[in-house]
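First comes the structure, then the notes that go with it.
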Amino acid sequence: MVFHFEDINQDTLNKGLFIEIVKLVSKYDAVLAKHLAESNRNETYSSQKIQNDILKCMADETLHTILNEVKQAKYFTIIVDSTIDIGRIHQFSFSLRFVDQQGDIKEHFLCFEELPNATANDYFVIIRKLMEEYKLDISLCRGQAYDGANTMSGRFSGLQSKIKDVSPLALYIHCCAHNLNLVLIDSIRSSINAISFFGILEALYTFITNSLPRLKIFEEEQKKIDGLVLTLKQFSETRWASHKHAVDSVYINLPAIVTSLKRISDGELLNIKLKTISEAQGLLFRIMNFKFSFLLVLWKNILGKVNILSNYLQNSKIDLITAHDMVSTCFFRYFILKK
């Protein structure tokens, strides 16, 4: 649902989030209800401009509070990343991490900025601009957290070196969770058995979800087994956590997947093509064996254990001692599993 429409006075059941929430609150607030009912059309203070003004006031006040906390803390870490959005615009995200007056770790996202290019100097120019805009002293920066791309991590010409030129004590840290993600993705790519296994999961997802009749059969079989309808998950080549979700969904749904493929193989669908029957039979052959079942259980155990560590490494309140202990525990569990 969009936040507001161009014309909030048009006759529609949905006038956007803002108006719909105001209408909902007015059911329990007599003063607000009276204001909406009795005010003239131009006195309701609910126009698109007013909504935007309210949003800006809230954003400005929030930013002001965060920056005051940063200045009271004195020292801070900058966290920077970038991505290309749906409009093909390179977006630069900027966050700060610090310890407040009560000793609590705080981590706040501050803004997006359009990135003209993706060079280290482009990142640095934007960071300097934001430091001046927020009236923060970059020499008080004590940490830099980015990914491991050479543009960011380069010791001589990367962003970390440019920040160290103006703040020598700003230690660069490659995001631990990102490091773990890279290790796991590379470990999967290094094994033919793993590549083949995850290829089967991808083929199952594509075959079942790319056709409404096939998806309907799958949902019917799920309801017969436990009454629940759970979707299969697609995994991303660059996000290992999506591999865990894909494995878990197949592990839970395996009986329904098998019976669905058998029904499709038997030609239960109307006007089914021979190619579809052949694909269903091929997938059945690939999953109805000990090797697939063994790898499914194995990867469920492996990814389940490391997921605990990964989630902690992404926690904004992470501390080094606990992180070190959890890494050691994870290694020990894998050692036992290997034995």
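FYI, it's all coordinate maths here, none of it is from the lab. Quick caveat: nothing in here was measured; it's all calculated off a predicted structure. Glycine gets a Cβ as well: all are built from the backbone with ideal geometry, and neighbour counts include every protein chain shown.
Numbers for the structure displayed
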{"quantity": "For residue 297, net neighbour charge (Lys/Arg +1, Asp/Glu -1) across residues whose Cβ lies under 12 Å away", "calculated": "+1"}
{"quantity": "J(HN,Hα) series, the range 152-158, from Karplus relation 6.51 cos²θ - 1.76 cosθ + 1.60, nearest Hz, glycine and proline x", "calculated": "8, 9, x, 6, 10, 10, x"}
{"quantity": "Lys/Arg +1, Asp/Glu -1 at C-beta; the range 62-174 dipole; positive extreme among 68, 118, 138", "calculated": "138"}
{"quantity": "Backbone HN-Hα couplings from phi across the range 179-187 [Karplus 6.51/-1.76/1.60, Hz, Gly and Pro as x]", "calculated": "4, 4, 4, 5, 4, 5, 4, 5, 5"}
{"quantity": "Residue 169 versus residue 333: modelled label distance in nm, points set 7 Å from Cα along the beta carbon direction", "calculated": "3.8 nm"}
{"quantity": "Residue-count net charge about residue 252 - beta-carbon cut-off 12 Å; Lys, Arg +1, Asp, Glu -1", "calculated": "0"}
{"quantity": "Formal net charge of residues neighbouring residue 116 (Cβ-Cβ distance under 13 Å; K, R +1; D, E -1)", "calculated": "-2"}
{"quantity": "Phi to ³J(HN,Hα) by Karplus 6.51 cos²θ - 1.76 cosθ + 1.60 over the range 56-67, Hz, x for Gly, Pro", "calculated": "5, 4, 5, 5, 5, 5, 5, 4, 4, 5, 4, 5"}
{"quantity": "Net dipole in debye of the chain [+1 Lys, Arg Cβ; -1 Asp, Glu Cβ; about Cα centre; nearest 20]", "calculated": "1360 debye"}
{"quantity": "Nonlocal amide H pairs with residue 111, under 5 Å, H built at 1.01 Å", "calculated": "94"}
{"quantity": "Packing-based ranking, highest mean first, of 99-110, 194-205 given that Cβ atoms within 10 Å are counted", "calculated": "194-205, 99-110"}
{"quantity": "Unit charges on C-beta of K, R, D, E only; dipole of the range 62-174, Debye", "calculated": "340 debye"}
{"quantity": "Cα-based Lys proximity count in the range 181-338, under 16 Å, for pairs eight or more positions apart or on separate chains", "calculated": "12"}
{"quantity": "In nm, spacing of pseudo-spin labels at residue 132 and residue 270 (7 Å Cα→C-beta vector)", "calculated": "6.9 nm"}
{"quantity": "Ranked packing of 47-55, 178-186, most packed first, by mean Cβ within 10 Å", "calculated": "178-186, 47-55"}
{"quantity": "Dipole magnitude of the range 181-338, debye to nearest 20 (Cβ charges: Lys/Arg +1, Asp/Glu -1, about Cα centre)", "calculated": "180 debye"}
